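Read through the structure below, which is laid out as structure tokens, and then see the notes.
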Amino acid sequence: MRRMTDFAVLTPSYAPDAPLFEALHRSVLDHTDAVHHVVVPPADRALFARFEGDRCRIWTYPELLPKRYLATPKAGIWLNARRPWPPVRGWVLQQAVKLAAAARFDVRAVLMMDSDVVLVRRTTAESFAVNGRIGLFRAENAVHAGMPRHVRWHAVARELLGLPPSPGLPLPDYVSPFNVWEPAVVRLLQERIQEVSGKSWLDLFTGRLHISEFVLYGVFADEVLGGVPRVPSDSLYCHTYWDTTPLDEAGALEFAGRLAPDALAVMISAKSGTSPENRHTALRACVAATRQD
């Protein structure tokens, strides 16, 4: 019998991240009761098929997109037949299918994790609840003039949502490799964009070169819905390593030694180039630390 849950996990992935995904998926099985939904380009489905089962649902982009979205021979580039130019960039489409997938889930909360994240503690919807409401990751006043991409993401979000320009810097940051949304809010977000513009939310989203799904959701929740409780963790319970310098063994152990008592997950950026051996060293040490709880 399938276990019922009010919680789902969503991961966008692709072929280069398949080796990392295995550790993530194992941790989802170990630390949640959720179904793990994985969204991949159609060409990469075979690499992930072995994970499919009662606790893992593999989605490909065409299953989540209207038929007017067409893959091109060039990897990572798609066309919207309704508006073929400019083409849709892969990183923008990956964000869009995340919103499309999350809107389909009939659950209380969906946890989004990148392939280079691993859970290390028990995680449920209640892990992110504040006074009975699913909270929002919000790093207050974190976006400043030295973060031009984030500033642009805020401006684009406000435009799509029909909001006036922001009052000025600093602004909150909503971006995290470990983030939680309410599917009901995602559906309202899509409806808002369509009401403001009279056009498809998806076409407007994919028509942008610079956009962030997390900033869009955060601005909507805070400024259209009137605010969502902030999750009481500056890291949203994820211990992260963003540096582009690979961790050596000593660095991996030092990183693990700083695991916070409230950390639910660990992220060592795939872009760091950390070897599989040293990644395993860090993750094993983090898991060992949680056993002392």
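Some points to look at:
- Condition check for S127: of a type in the set (S, T, Y) and under 14 Å from the mean Cα position of the chain (by Cα): no
- Comparison of V38, V28 shows that the only residue that is of a type in the set (A, V, I, L, M), crowded, with 21+ Cβ neighbours inside 10 Å and either touching an Asp or Glu at 6+ places or on another chain (Cβ under 9 Å) or in the same structural domain as K271 (by TED's automatic domain parsing) (or both) is V38.
- Residues in segment 117-133 that are surrounded by fewer than 23 Cβ atoms within 10 Å (Cβ to Cβ) and among the aliphatic types (A, V, I, L, M) were compared, and the one that is modelled with the highest pLDDT is A125.
- Residue within segment 184-205 that is in a strand (DSSP E or B) and within 28 Å of V266 (Cα to Cα) present: no
- The criterion of at least 3 residues that are over 15 Å from H239 (Cα atoms) and assigned by TED's automatic domain parsing to the domain that holds I58 is met, among strands (runs of 3 or more DSSP E) falling completely within segment 109-148, by 109-113, 139-143.
- Checked against (1) over 20 Å from T124 (Cα atoms); (2) part of a helix (DSSP H, G or I); (3) out of contact with any Cys (no Cβ under 8 Å at 6 or more places or on another chain), V287 passes all but a single condition, namely (1).
- Scanning segment 60-84 for residues that are in a strand (DSSP E or B), in contact with a Leu (Cβ under 9 Å, 6 or more places away or on another chain) and within 14 Å of V97 (Cβ to Cβ) yields a total of 4.
- Residues of segment 206-231 that are of a type outside the set (A, V, I, L, M), surrounded by 19 or more Cβ atoms within 10 Å (Cβ to Cβ) and in a helix (DSSP H, G or I): T206, E213, F214, Y217, G218, F220.
- Taken over segment 30-59, the criterion of being in a helix (DSSP H, G or I) and free of Cβ contacts under 8 Å to residues at least 40 places away in the same chain is satisfied by P42, A43, D44, R45, A46, L47, F48, A49, R50, F51.
The values are calculated or read from the model by the stated rules, or taken from the named source; none is laboratory data. Note that this is a predicted model, so its numbers are computed, not measured. All Cβ positions, glycine included, derive from the backbone under ideal geometry; neighbour counts span all protein chains shown.
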